[in-house]
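*Asks:* Structure in structure tokens, see below.
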Amino acid sequence: MNVTGIAVQVRRMSTPVTRRGFNRALFGSAAFALAGCAKPLVATRLAAIDCHAHVFHRDLPMPDKRRAPAGYDATPEDYVRMLAANDMTQGVLVQPSFLGTDNSYLVASLRKYPDRFRGIAVVDPSIGSEQLQVLQDAGVVGIRLNLIGLPTPDFASTSWRGLLAQVRQRNWQV
């Protein structure tokens, strides 16, 4: 089946077409066409990963009140339900800017769902390697730079060079 055939099939569907539904039809049909099979030989489930979500609750200390959401919580359990409702297998939790460098709630959430979540932390450039190891052991795979509305850091400084070298050694993303 070619892409035109897939588009025709998608248009005939009784429910509205989503990007995810179209891609599933496209990739599924393309895989079967490439394999020369009328149906799959082995049932497999492709990973579907949400790449940016925040978890928090109103009782957490929020150093940056300007950006803090008012009046609601976004718990790890809420996120697990959202992933399930959208047929997602895993997710990446990103430390919200309004929580600053206190990654404790992020770490607790990663530890609670180690097979579902990975994390992106916000750290101070002076953080030690032991603290970075704690984050990595919990499932952190990168750091986030919160630069909006702030002066650009001196990435050539000793502290930033040291942090970025450690991030590179850990194969984390920035």
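Read the figures in this text as sums done on the coordinates, not as results from a lab. Worth saying up front: this structure is predicted, and the values here are computed from it rather than measured. Here the Cβ positions follow ideal geometry from the backbone for every residue, glycine too, while neighbour counts run over all protein chains shown.
*Asks:* Pulled fully out, how much extra length does the chain show between Ala84 and Arg67, if you take 0.36 nm times their separation in residues and subtract their Cα-Cα distance? Mind dumping the intermediate values first?
*Replies:* Numbers: separation 17, 0.36 × 17 = 6.12 nm, distance 2.78 nm.
Using 0.36 nm per residue and subtracting the Cα-Cα distance, I get 3.3 nm.
*Asks:* By the scheme Lys and Arg +1, Asp and Glu -1, what is the net charge of all other residues having a beta-carbon under 15 Å from that of Ser97? Let's see the in-between values first.
*Replies:* Values: positive: Lys65, Arg66, Arg67, Arg144; negative: Asp64, Asp102, Asp124.
Charge balance near Ser97 sits at +1.
*Asks:* So how do 137-147, 70-80 stack up, highest first, on mean other-Cβ count within 10 Å?
*Replies:* In decreasing order of mean packing, 137-147, 70-80 become 137-147, 70-80.
*Asks:* Continuing with the same structure: Net charge within 11 Å of Gln173 by Cβ-Cβ distance, Lys/Arg positive one each and Asp/Glu negative one each, not counting Gln173 itself? Provide the component values of the computation, followed by the final result.
*Replies:* On the way: positive: Arg118, Arg144, Arg168, Arg170; negative: none.
Once positives and negatives cancel, what remains is +4.
*Asks:* Looking only at the range 45-174, where both bridge partners belong to it, what percent of the DSSP beta bridges are antiparallel (to the nearest 5)?
*Replies:* Numbers: 1 of 12 bridges.
Around 10 percent antiparallel, to the nearest 5.
*Asks:* Which of the three applies to the range 59-170, rounded, prolate or oblate, going by the alpha-carbon gyration tensor with a ≥ b ≥ c and a/c under 1.5 meaning rounded? Intermediate results must be reported in sequence, preceding the final value.
*Replies:* Numbers: a/c = 2.20, a/b = 1.39, b/c = 1.59.
It comes out oblate by the Cα gyration axes.
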